[in-house]
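The values are calculated or read from the model by the stated rules, or taken from the named source; none is laboratory data. Since we're looking at a predicted model, the values are computed, not measured. Cβ sites come from the backbone with ideal geometry, for glycine too, and all protein chains shown count toward neighbours. What goes into the accessible areas is simple: the full protein's heavy atoms, side chains included, and nothing from ligands, DNA or RNA. Shrake-Rupley method; radii C 1.70, N 1.55, O 1.52, S 1.80 Å.
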Amino acid sequence: MTATATETGTALPGRHPQRWIILGVICLAQLTVLLDNTVLSVAIPSLTRELDASTADIQWMINAYSLVQSGLLLTAGNAADRYGRKKMLVAGLALFGIGSLTAGLAQSSTQLIAARAGMGVGGALLMTTTLAVVVQIFDDTERVKAIGLWSTVNSLGFAAGPLIGGVMLDHFWWGAIFLVNIPVVAIGLFAVIALVPESKNPQGDRPDLLGALLSTIGMTAVVYAIISGPEHGWTSTQVVASAATGVLVLGVFVLWELRIPHPMLDMHFFRNQRFIGAVAGAILVAFGMGGSLFLLTQHLQFVLGYGPLDAGLRTAPLALTVVALNLTGVGARLLPRIGTPGTIAVGMTLVSAGLASIALLGADGYGGMLLGLVTMGAGVALSMPAMANAIMGAIPPEKAGVGAGVNGTLAEFGNGLGVAVLGAVLNSRFAALVPAVAGAVSLPAALGAAESPAERARISDAFASGLETSQLVGAVAVLAGGLLAAMLLRRAERADEVRAAA
């Protein structure tokens, strides 16, 4: 019997007639995953009180999800390509729903941490299969707009999570923030089964079990080192050992993938300048976003004096700008006019300008910060869909799941790296300006140790100066990365044009 296009995963003929409805379904599934992490952040006081959770317990409740998810992204994408993207999407929703039910009914910190890890498995499957399905059901003329809408969900999750969590915790107990996922998962399962076409790699590559194991261990170890570095110290045995193990295992993974006939991640992708350019840009946009948001919350609370909820509300313009521009299709219309390299260069320049605006104008009030947030949002709305499209376009359609896994892994890695590097710049600058309190683990601790109002003012000024320096470092890194990515992509396009002309 001859395989149909939808069975094989080669590009579906034309545009799928229900493609926009399907996009809505998979964006709903994606939003559920993204909301989960941001909603949890506002439940920390309730979890501490009602489960008698320690600081370490709270950290693991948050990190268990992100560690498992980031470690499994490549493996999940490969499984989707091999066994069917619809099957893995259904499996991801089911696992996420079961994990949410278990988390909502948890009676101890240990049970909740285990449930969060299970939700991370479902999250990894959902993050990879949703983007892979978008690539399959949209043709080249609509794919950029569709990916723009898909990426908008990331920003919407960031903006809406704390607000939804705050409203729910005002009316229900903490378990409701997990149980609310269940009706959404049920709707998603019904819609996916009814609407989403099946697609998979027509070649049916043999499973690369060792590659899956190595990538999972390596990525988990590296992400763990990045997450735990600020808490335990970058030179601590725990962090160094985890980072060294991750790098070593990932090195073995690369060597293994180069040797086998059916690799999970074809290393020849990294010879493609288009792919390399998109990878560089994706890491540095995530670097700027992750690091800047980490610094913004401290800037708003410690420098400008806002409470946690007010601080969360005041970061919303960044996400709302991304949502507004992507819903109106600004990036999708701009890209055909100035090309992928130009769109990425403009977007990354705006992100860099936004970071610089926050650093230079945000110290004295919210007005300068608002300008920076809107400018950053405009840059993200232009650059992120263009880079995701460039990554997916550089990978054969039958490997769309792996491409989505690469895209998700880069975002996780870039976010963690941004928090680590810009946080380290902040801490070193702060320690250099007030060496007497260099041993303090936070600004509140340093202020608590101060012996006079003048010393407290000096400490606050030093912290604000550290924030400014770290934000400017982020701005320079994002600008340099954007220009590098644009240059590599433009060079790749010229090489393609020369080959086509020959």
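Listed values, structure above:
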| item | result |
| --- | --- |
| Residue match in the stretch 289-302 (condition: farther than 29 Å from T75 by Cβ, in a helix (DSSP H, G or I), free of Cβ contacts under 8 Å to residues at least 12 places away in the same chain and touching a helix residue (DSSP H, G or I) at 6+ places or on another chain (Cβ under 7 Å)) | yes |
| Tabulated pairs, the stretch 80-101, first buried (at least 24 other Cβ atoms within 10 Å of the Cβ), second assigned to a helix (DSSP H, G or I) and among the acidic types (D, E), C-beta under 7 angstrom, 6+ apart or interchain | D81/E398 |
| Members of the stretch 220-262 found to be at pLDDT below 80 and open to solvent by less than 30 Å² (accessible area, probe 1.4 Å), listed by number | V223, I226, S228, G229, G233 |
| Criterion: in contact with a Pro (Cβ under 8 Å, 6 or more places away or on another chain) and farther than 12 Å from V33 by Cα - qualifying residue of Q111, Q107, Q136 | Q136 |
| Residue among T328, T409, T343 that alone is more than 16 Å from the chain's Cα centre (by Cα) and open to solvent by 10 Å² or more (accessible area, probe 1.4 Å) | T328 |
| Residues that are modelled with pLDDT under 75 and open to solvent by less than 10 Å² (accessible area, probe 1.4 Å), drawn from the stretch 421-437 | V434 |
